[in-house]
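A short worksheet on the structure shown next.
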Ligand code: URA
């Protein structure tokens, strides 16, 4: 792999402008593989050309690993907006390390502020487009808490399809099963605005709480508490695509 100057490497990972990164290095805040380095033009092999972990370094004692691309999962808590410019609630980006902002990490699709669960984020435009586009018909699984108990007819209605306002044709759940008297596991393959809430309302009930547990073949990591994130590794990216 082509070596990279330390100053450029830090900049590519979101630690500031070239000038700021140079200053951090010269001031002794940076170490590479555990060894302090005060030379901004020292060259290192970044060790990654994709989302895999590469060179280990630390900035002001914060350990980091170079990744040419960022692919993340966040356990989204309730009360956060999936936007860089939120209106009423804090942004999900406040839950992530600040170095993701200059990398232009974006949400892959959006969850409502009161929805919890699996949110994917990336700085790879093609990946974001691929997994947020409705064309791919990626199944997304939601755990739905309802106001009123659901019976078999209610499930059958969602599976048969409900007419949403402004949609040309009825939309059907790809899968739906009761997980309790007032809870459902619902799978949809589109990603329309407030889709689950609108489908449940069109079928005559109301969503009290909504949690996304899976996107494609990738489940929310149970080790992540609400508000926690982690990198997606190669096995996660393969699982994501494995839903046929
Ligand atoms: N459907 C909704 O209604 N809200 C979400 O956040 C996701 C799917």
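Quick note: the coordinates plus some simple rules give every number you see, no bench work behind them. Just so we're clear, the structure is a prediction, and the values are computed from it rather than from any experiment. Methodologically, a virtual Cβ is constructed for each residue, glycine included, from the backbone with ideal geometry; neighbour enumeration extends over all protein chains shown.
Couple of notes before you dig in:
- Residue ID - surrounded by the most Cβ atoms within 10 Å (Cβ to Cβ), chosen from residues in segment 17-33 that are within 13 Å of residue 60 (Cα to Cα) and in contact (Cβ under 8 Å) with a residue 24 or more places away in the chain: 30
- Top-ranked residue of segment 196-210 - restricted to ones that are within 12 Å of the ligand (Cβ to nearest atom) and surrounded by 20 or more Cβ atoms within 10 Å (Cβ to Cβ), ranked as farthest from residue 152 (Cα to Cα): 210
- Scanning segment 26-53 for residues that are more than 31 Å from the chain's Cα centre (by Cα) and closer than 11 Å to residue 8 by Cα yields 40, 41, 42, 43.
- Checking each residue in segment 82-101 for being surrounded by 15 or more Cβ atoms within 10 Å (Cβ to Cβ), without any contact (Cβ under 8 Å) to a residue 60 or more places away in the chain and assigned to a helix (DSSP H, G or I) picks out 92, 93.
- Of note, residue 177 does not satisfy the criterion of being away from the ligand (no atom under 12 Å from the Cβ), closer than 30 Å to residue 49 by Cα and in contact with a strand residue (DSSP E or B) (Cβ under 9 Å, 6 or more places away or on another chain).
Residue-wise test of (1) more than 30 Å from residue 234 (Cα to Cα); (2) in a strand (DSSP E or B); (3) within 13 Å of the ligand (Cβ to nearest atom).
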| position | (1), (2), (3) |
| --- | --- |
| 135 | no, no, no |
| 149 | yes, no, no |
| 159 | yes, no, no |
| 165 | yes, no, no |
| 168 | yes, no, no |
| 184 | yes, yes, yes |
| 212 | no, yes, yes |
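- Test for residue 128: is it away from the ligand (no atom under 16 Å from the Cβ) and surrounded by fewer than 21 Cβ atoms within 10 Å (Cβ to Cβ): yes
- Among the residues listed as 112, 104, the single one being assigned to a loop (DSSP other than H, G, I, E, B) and within 16 Å of the ligand (Cβ to nearest atom): 112
- Scanning segment 137-147 for residues that are surrounded by fewer than 18 Cβ atoms within 10 Å (Cβ to Cβ) and outside any strand (DSSP E or B) gives 137, 139, 147.
- Scope segment 66-81; condition farther than 22 Å from residue 51 by Cα and not in a strand (DSSP E or B); matching residues: 77, 78, 79, 80
- Condition met for residue 117 (near the ligand (Cβ under 10 Å from one of its atoms), surrounded by 13 or more Cβ atoms within 10 Å (Cβ to Cβ) and in a loop (DSSP other than H, G, I, E, B)): no
- Search result, residues across segment 173-182 that are part of a loop (DSSP other than H, G, I, E, B) and touching a helix residue (DSSP H, G or I) at 6+ places or on another chain (Cβ under 6 Å): 173
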